[in-house]
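Nothing in this text is a laboratory measurement; each read-out follows from the coordinates by a stated rule. The model shown is predicted, which means the values in this text are computed figures rather than measured ones. So basically every Cβ, Gly included, is an ideal-geometry build from the backbone, and we count neighbours across all protein chains shown.
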Amino acid sequence: MNNGAKISSRADARELGGRVKPGHGEMVLLQLTALKKTVPGGKLLFDGLNLSLGAGEFVAIKGESGVGKSTLLNLIAGLDLADSGAIAIEGTELEALNDDARTKLRRETIGFVFQAFHILPHLTLKQNIALPLVLQHVDAKEAGKRAAEMLAAVGMAGREEDYPRALSGGELQRVAIARALVHRPKLILADEPTGNLDPDTAARILDLFAKEVRESGAATLLVTHSDVAASVADRTLTLTRAGLINGRGE
């Protein structure tokens, strides 16, 4: 692999099945090229998967349970390996990095929002939100300040010292969104972020999520089985065994 090779033009992006949103510069932030993934037992999840994602672009990937949506996010995050193909973040191919380098890139570049929240019950809300900064060895005072600012940004100002047990599902997901954005990542990966919420709460959280990620300027990839969740993105793709196709696959 050519570590550090850059995929820099809009023409390159279009040729590889994607686009860069106009006005967000020439650099492709995330490039997936001819990805193939099978699971134990030999079942094929997808093959020939291509995607380009530019800074500030918000894409939803739709698909039913078991089609490989979460697996795709794990591949992008460097938590799992594809059978073949290439993943490049800011032009750096993940396959060329060792485990430590992939961990460093993940901590510094990617923010995660999960269906199950993954908020640590023994930490305060401020401590939970500050975790990505702590892992980057940011000064404790600065980390606390930025965590409090993000908590306010998601509508929970003044609750820094609360513990997760006092929160509703919607509030927990607000904290998860704050944690995903606090270290100012360039790429947000969201896995069914409203899957555990009732419809009314889910709608409010989707609006909040879309607002915050767009204001951050991060590239965002949301995977979901829900048309409602997908509707907040700039465009929607459907994951199939043959890769990604335009639209919701209806």
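Pick out the one residue from Ala148, Ala116 that is touching a residue at least 12 places away in the same chain (Cβ under 8 Å), loosely packed, with under 14 Cβ neighbours inside 10 Å and hydrophobic (A, V, I, L, M, F, W, C). Walk me through how you get there before you give the answer.
On the way: Ala148 fails: loosely packed, with under 14 Cβ neighbours inside 10 Å.
Just one listed residue meets the conditions, Ala116.
Report the residue count in region 55-80 for those that are in contact (Cβ under 8 Å) with a residue 60 or more places away in the chain, surrounded by fewer than 19 Cβ atoms within 10 Å (Cβ to Cβ) and not in a loop (DSSP other than H, G, I, E, B).
Total meeting the criteria: 1.
Select from region 102-132 the residues that are closer than 27 Å to Ala34 by Cβ and either in contact with a Gly (Cβ under 9 Å, 6 or more places away or on another chain) or of a type in the set (Phe, Trp, Tyr) (or both) and list them in ascending order.
Going through region 102-132, the residues closer than 27 Å to Ala34 by Cβ turn out to be 102-106, 108-112.
Hits for region 102-132 are Arg102, Thr103, Leu105, Arg106, Ile110, Phe112.
Restricting attention to region 163-185, and to residues there that are surrounded by 17 or more Cβ atoms within 10 Å (Cβ to Cβ) and part of a loop (DSSP other than H, G, I, E, B), which single residue is farthest from the chain's Cα centre (by Cα)? Please lay out each step first, then the result.
The first filter runs over region 163-185 and keeps only residues surrounded by 17 or more Cβ atoms within 10 Å (Cβ to Cβ), leaving 164, 167, 170-183, 185.
Within this subset, residues satisfying the condition of being part of a loop (DSSP other than H, G, I, E, B) are 167, 182-183, 185.
Numbers: Leu167: 23, Val182: 14, His183: 13, Pro185: 10 Å.
Residue satisfying both the conditions and the ranking: Leu167.
State whether the residues of region 186-209 include one that is in contact with a Gly (Cβ under 7 Å, 6 or more places away or on another chain), surrounded by fewer than 24 Cβ atoms within 10 Å (Cβ to Cβ) and charged (D, E, K, R).
There is at least one residue in region 186-209 that is in contact with a Gly (Cβ under 7 Å, 6 or more places away or on another chain), surrounded by fewer than 24 Cβ atoms within 10 Å (Cβ to Cβ) and charged (D, E, K, R).
Return the total of residues in region 81-106 being without any contact (Cβ under 8 Å) to a residue 40 or more places away in the chain, surrounded by fewer than 20 Cβ atoms within 10 Å (Cβ to Cβ) and either under 22 Å from Gln173 (Cα atoms) or of a type in the set (D, E, K, R) (or both).
The initial filter retains those residues of region 81-106 that are without any contact (Cβ under 8 Å) to a residue 40 or more places away in the chain, namely 81, 94, 98-106.
Filter once more, keeping what is surrounded by fewer than 20 Cβ atoms within 10 Å (Cβ to Cβ): 81, 98-105.
Going one step further and asking which of them are either under 22 Å from Gln173 (Cα atoms) or of a type in the set (D, E, K, R) (or both), we end up with 99-100, 102, 104.
Of the residues in region 81-106, 4 are without any contact (Cβ under 8 Å) to a residue 40 or more places away in the chain, surrounded by fewer than 20 Cβ atoms within 10 Å (Cβ to Cβ) and either under 22 Å from Gln173 (Cα atoms) or of a type in the set (D, E, K, R) (or both).
Please tell me if Glu142 is in contact with a helix residue (DSSP H, G or I) (Cβ under 6 Å, 6 or more places away or on another chain) and either surrounded by fewer than 17 Cβ atoms within 10 Å (Cβ to Cβ) or assigned to a loop (DSSP other than H, G, I, E, B) (or both).
Working: in contact with a helix residue (DSSP H, G or I) (Cβ under 6 Å, 6 or more places away or on another chain): no; either surrounded by fewer than 17 Cβ atoms within 10 Å (Cβ to Cβ) or assigned to a loop (DSSP other than H, G, I, E, B) (or both): yes.
Spelling it out, it is not the case that Glu142 is in contact with a helix residue (DSSP H, G or I) (Cβ under 6 Å, 6 or more places away or on another chain) and either surrounded by fewer than 17 Cβ atoms within 10 Å (Cβ to Cβ) or assigned to a loop (DSSP other than H, G, I, E, B) (or both).
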